[in-house]
Amino acid sequence: MKLDVVILGGGAAGLWLLDELTRTGYDALLLESAKLGTGQTIASQGIIHGGLKYTLRGMLTGSAANIREMPGIWRDCLAGRRQPNLSRTQVRSGHCYLWRTESLSSRIGMIGARVGLRVAPTRLDQNEIPSLLANCAGTVARLDEQVISPASFLADLGNRQRDRILQIDSHGGAEFHFQQPGNVSAVRLHSPIGHCSVMNGTSDQPRAELELNPAVVVFAAGAGNARLREEVGLAVPQMQRRPLHMVLVRGDLPSFNGHCVDGAGTRVTITSDVDSQGRTVWQLGGQIAEQGVASDAPSLIEFAFRELATILPSLDLRGVECTTYRVDRAERITPNGVRPESVQIVREGNCLTAWPTKLALAPELSRQVLEQIKTCCTATESELLASEAETLSQWPRPEVALPPWETATQWTAFEDVRPSESTHKKAA
Ligand SMILES: Cc1cc2nc3c(=O)[nH]c(=O)nc-3n(C[C@H](O)[C@H](O)[C@H](O)COP(=O)(O)OP(=O)(O)OC[C@H]3O[C@@H](n4cnc5c(N)ncnc54)[C@H](O)[C@@H]3O)c2cc1C
């Protein structure tokens, strides 16, 4: 089957790109080896950053400049005013709160304005402060960065392009044929094991096969990019992983999204969702998840309860439960191992390897990949043969990955954590 583009990986990057390519008239297919969003997108906090986080030192860093147009693009897509129409994606909140633990500064309200971000924080008057933050010393501000549900975003984009997304096995599901490293002439697919009977009517028959001949191959597989690159002969490592140890808290909690800012960093970033039992779930990221990498789960849970009692003195922790999960951020390698400032794309032969660096940057990744594709491939609306259409229509489709709180099994109740001074005093 002749195609313009084959994308490997159905997270935020691959799905947004697939949508952009098909709207532009390119003939594209996406191959997913697990569930849509497995890895980073489903584990993410869903904040559509506008760059404030990167200006806490008071400078317009490269990261802030690169990301500042993203909230406007997403807002239009989420409202259905712009393509891709994401009006079925759940917006958890239209804004995040920013607060400090100590009565530091009015600086918070100035930073955004000073560096010219498109989304700047607004300092709140006492009567506008949510009750959860009422007892916090220091300035409280509101930042109009939207927070989305990553699962509903993946479902929304996945459903829009369902016909063009195929499930493959994680091992041997796609075989690459190439003459030179990175010059792929064909991708041979085998239908996933376990789906033979669906495809062929009986499980005794061999797995269905499909050979794709793409002009361009895009690796948008997050951490999976490292292995895909090896499979097409690209030996030079281009990827780094930065680990996180995230915390989940569930129970009778208010829905809340915000950053507790400490100096030039975010001490804790809280985002909220609701689990399948109707309980509120908080995801805790920021410094707690970076520093937590060195801790085991019980120590991090104990620390998380203490942190919550300190940064949110009004919060009643009685009855809530806590767990943790580990996940790596996958990015293009940088000389000192820090976060790249923006989207990263490496072009070798007819292969592009892409990392968005942030969920919020998915539209920018698509724009940049499209620019590159335009230089080597013109959109063709080729007709499928009847047999190809038949094989495609019967090929299995991937599901959306489950959020981390639906797969976590070991939850620790607040009351079961070793009594430690501040937390229990607070709850009492
Ligand atoms: C804990 C956490 C919180 C975050 N919070 C935010 C946030 O609030 N805001 C923000 O902007 N960014 C956030 N990020 C960053 C953001 O999640 C990532 O930058 C983004 O989701 C990466 O998307 P991706 O599509 O490149 O990769 P992924 O989401 O990792 O998706 C990769 C996909 O490729 C598939 N795949 C892997 N190998 C293969 C293969 N061989 N063949 C086919 N498919 C394959 C996987 O199954 C998966 O579906 C966060 C990241 C983490 C880890």
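The values are calculated or read from the model by the stated rules, or taken from the named source; none is laboratory data. Computed from a predicted model, the values in this text were never measured in an experiment. As a convention, Cβ positions derive from the backbone with ideal geometry for all residues, glycine included, and neighbour counts pool all protein chains shown.
Odds and ends about this structure:
- Subset tally (residues that are surrounded by fewer than 17 Cβ atoms within 10 Å (Cβ to Cβ) and among the basic types (Lys, Arg)) for segment 316-332: 2
- Restricted to segment 146-168, and to residues there that are in a helix (DSSP H, G or I) and surrounded by fewer than 21 Cβ atoms within 10 Å (Cβ to Cβ), the residue that is farthest from the chain's Cα centre (by Cα) is Asp163.
- Leading residue by the ranking (farthest from the ligand (Cβ to nearest atom)) among those in segment 216-232 that are farther than 17 Å from Gly10 by Cα and part of a helix (DSSP H, G or I): Glu230
- Residues (in a helix (DSSP H, G or I), touching a helix residue (DSSP H, G or I) at 6+ places or on another chain (Cβ under 6 Å) and away from the ligand (no atom under 13 Å from the Cβ)) located in segment 46-63: Thr55
- Test set (1) surrounded by 21 or more Cβ atoms within 10 Å (Cβ to Cβ); (2) within 24 Å of Trp282 (Cβ to Cβ) - Ala13 fails condition number: (2)
- Residues in segment 234-275 that are closer than 30 Å to Ile7 by Cβ and more than 15 Å from the ligand (Cβ to nearest atom): 3 in all.
- Residue under evaluation Ala235, criteria (1) under 20 Å from the mean Cα position of the chain (by Cα); (2) surrounded by fewer than 16 Cβ atoms within 10 Å (Cβ to Cβ), criterion not met: (1)
- Taking each residue of segment 269-297 that is touching a residue at least 12 places away in the same chain (Cβ under 8 Å) and looking for partners that are surrounded by fewer than 16 Cβ atoms within 10 Å (Cβ to Cβ) and acidic (Asp, Glu) with beta-carbon atoms closer than 6 Å, six or more apart or interchain, yields Val281/Asp275.
- Scanning segment 1-10 for residues that are surrounded by 22 or more Cβ atoms within 10 Å (Cβ to Cβ) and in a strand (DSSP E or B) yields Asp4, Val5, Val6, Ile7, Leu8.
- Qualifying residue in segment 297-315 (condition: within 16 Å of the ligand (Cβ to nearest atom) and under 19 Å from the mean Cα position of the chain (by Cα)): no
- Looking only at residues in segment 102-138 that are among the polar types (S, T, N, Q) and under 31 Å from the mean Cα position of the chain (by Cα), the one that is modelled with the lowest pLDDT is Thr122.
- Test: residue in segment 362-385 that is at pLDDT below 95, assigned to a helix (DSSP H, G or I) and surrounded by fewer than 14 Cβ atoms within 10 Å (Cβ to Cβ): yes
- Qualifying position, being among the charged types (D, E, K, R), farther than 27 Å from Pro403 by Cβ and surrounded by 17 or more Cβ atoms within 10 Å (Cβ to Cβ), among Arg229, Arg250, Arg267: Arg229
- Of everything in segment 18-45 that is within 6 Å of the ligand (Cβ to nearest atom), in a strand (DSSP E or B) and not charged (D, E, K, R), the residue that is farthest from Thr269 (Cα to Cα) is Leu31.
- From the options Ala386, Ala379, Ala360, Ala354, residue that is in contact with a Phe, Trp or Tyr (Cβ under 6 Å, 6 or more places away or on another chain) and in the same structural domain as Ala28 (by TED's automatic domain parsing): Ala379
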